[in-house]
Amino acid sequence: MLTRIVAEKDLLWRSMVSRNKRPTRLAVFVLGVSFASHVSPLTSEQDNTIRHIMLVCLIFLIAWVARSALHIWSTVHLRGFKLDTADNLMARKHVTQFRILKRVCEWLIIVVAVSAALMTFDEVRQYGVSLLASAGAAGIVVGLALQPVLKNLLAGLQLAVTQPIRIDDALLVEGEWGNVEEITSTYVVVKLWDWRRLVLPLNYFMEKPFQNWTRESSSLIGTVMIYLDYRAPIDLIRAKVMELAANSPLHDGGVVNVAVTDFKENTMEVRILVSASNAGRTFDLRCYIREHLVAFLRDHHPTALPVLRMERQADLRNSPDAVTGRTADLEKA
């Protein structure tokens, strides 16, 4: 009947009915046994025992349905956000928040269900009252014992709200570069560029500095440093870099810049800036610019490449400056 009723409704309600067939059967069983124990010729003690068992089953049944509803709702909501698109900033925000909050809510459902089931026993309820009477000392002891767990739990809630990192963010952490692959209630898994996994506790990202290359946008500016001879034609190099960037599918059509940023003892430092849509494409674009620019200079302007100049001592003695200096010294003498 429920399947027919929700046949024309949206995916959320249809999934709720289809995935909750077993809880529904359990609910019918609990109600049936409770009614049967009331009308059957049982003693009051036996009737109370069966009703107690059915009450515990009902509590866990409600927790089961709540957890299933949470899973269905989060799955249906996240279907509209794709991580495999070019501009996935909004998707990464929602996926990160929902995954962390979903795990926290699942733990809360389990804790509340177990607590409610235990409180149905008189002995446990009395023990709980006695614990409340001595809550000061017990709270301190429990707080110290659960400090790492609570620390990560609070860090997870703070991370879900503030979002210093998100799923699929590009990070530079502990000297390693990679993407956030998984965020659990206690740790974060970073998939490094060479497929290794770096596992860090949640509170690490609340206490220590790290680089997030996709915090607001996945676009990045890549830097290519090249050291050339002073005779290098900067205008031709600038035109060639613009041509390479325009012809490369890796370039996003944004930043292209060539500038002489420093002079060294034997070379001049040329900085090239190019932008791409994400960190991986930026790295590939930098390699592309290096390879083709060096090939261009080697084939068309070999004098632009750095050389080590050496002059013989005899040539220095016969140079015009050296001769003029010796003549001046003789006149003074």
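The values are calculated or read from the model by the stated rules, or taken from the named source; none is laboratory data. Values in this document were obtained by computation on a predicted structure and should not be read as measured data. No Cβ is skipped: glycine too gets one built from the backbone with ideal geometry, and neighbour counts run over all protein chains shown. Accessible surface areas use protein heavy atoms only, side chains included; no ligands, DNA or RNA. Shrake-Rupley method; radii C 1.70, N 1.55, O 1.52, S 1.80 Å.
For the range 180-203, filtered to residues that are open to solvent by 40 Å² or more (accessible area, probe 1.4 Å) and closer than 17 Å to L157 by Cβ, the residue that is modelled with the lowest pLDDT is T186.
Among the residues of the range 212-265, those that are acidic (D, E) and under 15 Å from H300 (Cβ atoms) comprise D229, D235, E243.
Conditions (1) of a type in the set (G, A, S); (2) without any contact (Cβ under 8 Å) to a residue 60 or more places away in the chain, marked per residue:
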site	(1), (2)
R196	no, yes
Y204	no, yes
P209	no, yes
T214	no, no
Y230	no, yes
D235	no, yes
S248	yes, yes
T261	no, yes
K264	no, yes
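For the range 165-179, filtered to residues that are small (G, A, S) and surrounded by 15 or more Cβ atoms within 10 Å (Cβ to Cβ), the residue that is modelled with the highest pLDDT is G178. Comparison of M54, M119 shows that the only residue that is open to solvent by less than 40 Å² (accessible area, probe 1.4 Å) and more than 30 Å from I167 (Cα to Cα) is M54.
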